[in-house]
Every structure is written in C-alpha cells, then in structure tokens.
Amino acid sequence: DITAFIGATFIAFIPAYMYLKSIRNAEQYGREPWEALKIAFAWGAISGVFLALVLSALGVPLLLFLLADLTDPSVHDILPVLVGAVIVAPIVEEFAKPLVMFQNQTIRREIDELEDGIVYGAACGLGFGATENVLYGLTEGLAAAGFAGMAFLIVIRTVSSILLHLVTTSYTGHGIARYMLNGEPFTVVLKYYLIAVVVHATWNLAAVYSLLFGSETGAYLIFLFSIILAISGLQLAKRRIAALDGDGAAAI
C-alpha cells in the first residue's frame with residue numbers, strides 16, 4: 001500500500017532527521033556539512049540495511065546448522081530467534097552501518113577531529129534505524145493493527161531502537177576517527193566495534209527475553225528501561241561530542 005509506505009517513511013524519517021540535527025549541533029566549532037552527513041545517513045538507510053540483510057540471510061542459517069547438534073533440543077524452537085537477534089544481527093549490523101566512513105572520500109576529508117567520528121557514526125546509525133523502523137512498521141505494525149498499529153510501533157521505536165543504532169554506531173565511528181587521525185593501530189576500530197556489538201546484543205537479548213520468557217509486567221519494565229537507556233545514550237553521545245569539541249577548540 002503506497003499510502004502506508006509514505007506514512008511510515010514520514011513518521012520514521014522526520015524524527016531521525018531531528019536526532020541528526022541535534023547530534024550535529026552538539027558540535028559548536030566546525031560543525032559537519034550537511035552534504036557529508038546526508039551521504040552517511042543515506043548509506044545507513046539504503047546500502048547498510050541491504051548489506052546487513054544479505055549477511056544475516058547467510059549468517060543465521062549457517063550458525064543454526066553449526067549449533068544444531070551442540071544445543072539441547074528443548075531450545076531448538078527459540079534458537080532461530082536467539083541466533084538471529086542476539087548473535088548475528090549485532091555482528092552484521094554494526095559491521096555494515098559505518099563502512100561508508102572508510103569508503104567515501106567526502107566523509108573521509110571531513111573527519112578531521114575526533115568528535116567527527118561520533119557524528120558520522122551516529123548519522124549512519126540513524127539512517128539504518130529509520131529504514132528499519134519503516135520495515136517493522138509495514139510488516140509487524142500494519143499486520144497487527146492497521147495504520148494505527150504501524151504508526152504506534154514506529155513511534156515507540158523512534159524513542160528506543162533508533163537511538164540504539166545511533167549510540168552503537170557512534171562508538172565504532174569514534175574508533176574509526178582515532179584510527180584515521182591519531183595513527184592508532186586498526187585494533188582501536190575493532191575495540192569500539194566490539195563495544196557496539198556487545199551493547200547491541202545486550203539490548204536485543206533483553207527484548208527477546210521479555211517477549212519469550214517475561215511476564216507482561218516484566219516486559220513493560222524492560223521496555224521502559226530500554227527507552228531510558230536509549231535517551232541516556234543520546235545525551236552521553238552529545239556530551240562526548242561537546243567535550244571533544246571544546247578540547248579541540250582550546251588547542252587551537
């Protein structure tokens with residue numbers, strides 16, 4: 001339905017733009033140009049999502065095949081959910097989202113301060129999260145409760161999961177900036193990438209646990225906690241950008 005698609009895109013992408021503007025404005029000196037930010041955002045929204053879907057489609061069946069004989073038969077019913085959400089998704093998504101920071105020359109030229117890595121990583125994550133929200137809204141939300149259900153699901157994810165993508169990819173982006181600017185070994189990128197994967201996996205594990213095993217009250221509490229965690233992560237990212245920006249300005 002074209003109307004549902006347009007509605008879902010509007011509801012998902014407008015808040016993502018506002019988050020990106022907020023992250024950009026956390027930098028007081030030498031704010032990043034919109035041209036480069038749009039490239040990072042578009043990569044996350046289109047290429048990053050496509051690459052993650054392809055890698056997940058390959059990784060989940062392979063890992064399920066390898067684990068089939070190693071796990072208790074009693075967990076085989078929930079194993080696809082656990083493997084897909086808690087193991088494969090964090091690994092492939094945190095890999096796919098920030099790749100453009102290495103590939104695109106416009107972005108590479110603009111990364112001249114450490115805080116820039118956080119900003120561009122956040123932009124990649126926001127693009128990815130916005131498209132993911134559209135996909136979830138058009139599948140789960142629309143199927144469950146029509147247009148209202150689609151809108152409700154996207155709005156809920158706008159204050160939770162999209163911020164997760166912002167925060168986790170900003171970690172990897174910071175590692176990339178340190179690698180590019182400080183001459184640190186590539187292991188610094190891997191370190192921050194692993195932090196992003198662990199945070200993402202922990203988030204997904206909480207969500208999966210609440211859906212599969214938790215009581216209704218427990219599910220609501222975990223969901224509320226995830227929203228608080230996501231909003232806190234956004235504020236911490238902005239403070240880190242501001243702190244690095246101030247240090248850079250003081251050094252000039």
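Every residue, every condition in (1) touching a Lys or Arg at 6+ places or on another chain (Cβ under 8 Å); (2) farther than 29 Å from M101 by Cβ, yes or no:
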residue	(1), (2)
A52	yes, no
L55	no, no
G59	no, no
I78	no, yes
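Of the residues A42, A12, A4, only one is more than 19 Å from G127 (Cα to Cα), open to solvent by less than 50 Å² (accessible area, probe 1.4 Å) and not in a loop (DSSP other than H, G, I, E, B); which?
None of the other options fit; the residue is A4.
From (1) surrounded by 12 or more Cβ atoms within 10 Å (Cβ to Cβ); (2) over 18 Å from L114 (Cα atoms), pick out the condition that doesn't hold for A36.
Among (1) surrounded by 12 or more Cβ atoms within 10 Å (Cβ to Cβ); (2) over 18 Å from L114 (Cα atoms), the lone unmet condition for A36 is (2).
Looking at segment 67-74, is at least one residue surrounded by 12 or more Cβ atoms within 10 Å (Cβ to Cβ) and small (G, A, S)?
no
Pull out all pairs, ordered by first then second residue, where Cβ-Cβ is under 8 Å, the residues are six or more apart or on different chains, the first lies in segment 121-139 and is under 18 Å from Y193 (Cβ atoms) and among the charged types (D, E, K, R), and the second is open to solvent by 10 Å² or more (accessible area, probe 1.4 Å) and in a helix (DSSP H, G or I).
Sorted first by the residue in segment 121-139, then by its partner, the list stays empty.
At least 1 residues that are among the polar types (S, T, N, Q) and closer than 21 Å to I14 by Cα in each: list the helices (runs of 4 or more DSSP H) lying fully within segment 99-176 that qualify.
114-136, 142-158
The values are calculated or read from the model by the stated rules, or taken from the named source; none is laboratory data. Bear in mind that the values here come from a model prediction, so they are computed numbers and not experimental data. Reconstructed Cβ throughout: ideal geometry from the backbone, glycine too, with neighbour counts over all protein chains shown. Accessible surface is based on the protein model in full, side chains and every heavy atom, while ligands, DNA and RNA are left aside. Shrake-Rupley method; radii C 1.70, N 1.55, O 1.52, S 1.80 Å.
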